[in-house]
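Here, each number is a calculation from the coordinates, and none is a lab measurement. The structure presented is a predicted model; accordingly, all values stated were derived computationally and were not measured. Virtual Cβ from ideal backbone geometry, glycine too; neighbours counted across all protein chains shown.
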Amino acid sequence: VIELGTPQRSVITTCAYCGVGCSFKAELNGDQLVRMVPYKHGKANRGHSCVKGRFAYGYAQHQDRILNPMIRDSIDEPWREVDWDEALAFAASRLRRIQQDHGRQSIGVITSSRCTNEETYLVQKLTRAVFGNNNTDTCARVCHSPTGYGLGKTYGTSAGTQDFDSVAQTDVVVIIGANPTDGHPVFASRLKHRLRQGAKLIVIDPRRTDIVRSAHVEAAWHLPLTPGTNVAVVTAMAHVIVTEGLYDEAFIRARCDWDEFQHYVEFVSDPRHAPEATQAMTGVPAEDLRAAARLYATGGNGAIYYGLGVTEHSQGSTTVIGIANLAMLTGNIGRPGVGVNPLRGQNNVQGSCDMGSFPHELPGYRHVKLPEVRAIYEQAWGVQIDPEPGLRIPNMLDAAVEGTFRGLYCQGEDILQSDPDTHHVAAGLRAMDCVIVHDLFLNETANYAHVFLPGSSFLEKDGTFTNAERRINRVRRVMAPRNGYEDWEITQMLANAMGGNWSYTHPSQIMDEIAATTPSFANVSYELLEEKGSVQWPCNGAAPEGTPLMHVDGFVAGKGHFMVTEYVATDERSGPRFPLLLTTGRILSHYNVGAQTRRTENTVWHPEDLLEIHPHDAEQRGIKEGDWVRLASRAGETTLRATLTDRVAAGVVYTTFHHPTTQANVVTTDFSDWATNCPEYKVTAVQVSPSNGP
Ligand code: SF4
């Protein structure tokens, strides 16, 4: 609880929750934080905030924070508090011994999209320069990795194409697999404002989300698709646009590869992609789909916003490609009010991907196989870089179960709670000889850890976050780290304990190294960020003050690339044993696995996860409002309370995943996106039955 007083000073910093990246003024009385006030000059939020950001200071000051390092020889023993030197020496010697016994590839790193750019850059540098492999991955693996693949293939770079301000010029807002009201509340307010001004709305989502009610009924199309059929719906929209001659030929001739377009036209024109042919499978009435496609193609500036309902599928990358195709088809790219905009769930998903957190890419989305790119870092770091891509998170866990991957440094990520198929994650962690958890709290993953390194909160560090519109915002130290060190310092200490010779004294030096080695950040510095408040990358010689709109004169890839999007049904099928389809999402007052929001005043709202079930399905099962129910799938089962609503269609159920008591991921499967291994969280065949409670 914060004792209110008269603030004597203030520090401008950035919210550490979602990808909107709201700026806050942290007001202090001495060293005591008095309150967090939304900053009126913040370019992403302009003085607004949501209930999450407003109370975020709570978790930073929570009594559950672990402030001293801890070690133990095995996970069956109690933790032993030690000083930093002993903890780091213990961790380093275990990791080194693992590499001596099992080879260079036997250890790796998972980092979090909640970390700053500078921290993330250092973690991938630790992996490549000190561990000597590319086994570095990020929690973006389980959310927006298909965006990286899909937008990279079609446009040449993985980034939202517009800035948030651009929505003021949008005529048709298309939202696919996203619930901005709960997930990105401050941007949702701007969307709703635009809808009140008369913009039209198309929502493609199994659930009738709040924003559907925000538009005039006659101006809003809700296409309630069956979970798992995104590709079929997006391709059917393209079918309508192509076969009715609604595409922008001039744009396509000028900006896209014409041969690829013709091949694409041949593909989508096939009658099997017509809305009438797909409606039985997708659940979307053909006439509604046709009307929505016509509106997007002819209604003026059309902007697409999408979220994890697109990416977290076995065809997540294919859907991203399909969305990119739609924007090129209609010329809705490269000017204000249009574009393709992934709504990033976490504060620094964009940045963690930019910083080379993937096992195949160095910073700036450059493949590790390219010798000219490796040479830049080999010269900067004075090491040889492994040319072979490393392991992704699921590959690390599989290899751990097989016994070939035995050491993990996990920074800011609770993989036991956030990753799919909890039992498999636990088996992988249990099989390792050294698990290092670097976090604020003893999270669920720490149950399997040998070393716990206490982390610093966003109020206790300097750095930068990059939001969903590529805006690089400063994070400023509001108070001294309660654990003694900022997170980048801890990574540096671990690197040096393992033989590195790093000597950064401030994150601005890390940003200078990023700028010197990453073309899209070439002009970024803390001095520029102080002067401008924030900048959007690319920020370099060609765009010294940043780039609000991308692909204006040409795509980063040169020509835009149309790609065919063949629908392949997920292997996860409903049937007599598991007749319902479960999909998941967030709620306004909580954030991801709730490790932070459950330790703030937000916890008074929505203190538990609920299962939304259609009244018809509930009645068939004898379930009433508030009853305990058993939610079971082929992977596992859990217990939670039911709430009856027609927001979901009959045959579909929905829950959030903010509370460890629910462990929603016990029921999710290990199916994943074909291109990136992003887990298929959004469709699981389940049965729901009455229960007496947990
Ligand atoms: Fe802004 Fe997102 Fe933080 Fe809410 S959670 S204050 S919308 S950045």
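Worth a mention:
- Using only the C-alpha atoms, the convex hull of the chain corresponds to 148 Å³ per residue.
- Degrees separating the helix 422-431 axis from the principal Cα axis of the chain, which is the longest one: 30
- Relative frequency of Cα-Cα separations exceeding 24 Å in the stretch 433-532, percent: 34
- Distance between the stretch 289-364 and the stretch 54-82 - C-alpha centres, whole angstrom: 38
- Between 0 and 90°, nearest 10: helix 507-517 axis offset from the chain longest Cα axis: 60
- For the chain, adding -39500 (n - 2.57) for each run of n ≥ 4 DSSP H residues and dividing by the number of residues yields -8500 deg cm²/dmol at 222 nm.
- Residues of the stretch 142-176 with an amide N closer than 14 Å to a point placed 7 Å from the Cα of Arg46 along the Cα-to-Cβ direction: 163-170.
- Degrees, to the nearest 10: 286-298 long Cα axis against longest axis of the chain: 70
- Each Lys and Arg Cβ is given +1 and each Asp and Glu Cβ -1; about its Cα centre, the chain then shows a dipole of about 1240 debye.
- Taking amide H as placed 1.01 Å from N in the peptide plane, the amide H of Val203 sits under 5 Å from that of Ile175, Trp221, His222, Leu223, each at least 5 places away or on another chain.
- Against the empirical 2.2 N^0.38 Å (N residues), the stretch 273-395 has a Cα radius of gyration ratio of 1.43.
- Grouping the Cα pair distances of the stretch 60-130 into 10 Å bins from zero gives a pair-distance distribution of 16, 35, 42, 8, 0 percent in increasing distance order.
- Added length on full extension, which subtracts the Cα-Cα distance from 0.36 nm per residue, His423 to Gln262: 53.3 nm
- Karplus (6.51, -1.76, 1.60) ³J(HN,Hα), θ = phi - 60°, over the stretch 248-260, in Hz, Gly and Pro reported as x: 9, 5, 4, 4, 5, 4, 7, 10, 10, 6, 5, 4, 5
- Three-way shape call for the stretch 145-342 based on the alpha-carbon gyration tensor, with the a/c threshold at 1.5: rounded
- Remark: for residue pairs Lys25/Lys200; Lys125/Lys369; Lys52/Lys461; Lys52/Lys532; Lys40/Lys192; Lys25/Lys461, the C-alpha separation exceeds 23 Å in Lys25/Lys200; Lys52/Lys532.
- DSSP beta bridge pairing in the chain, given as percent antiparallel to the nearest 5: 50
- Note on the stretch 401-440: Cα-only Rg and Dmax are 10.1, 30 Å.
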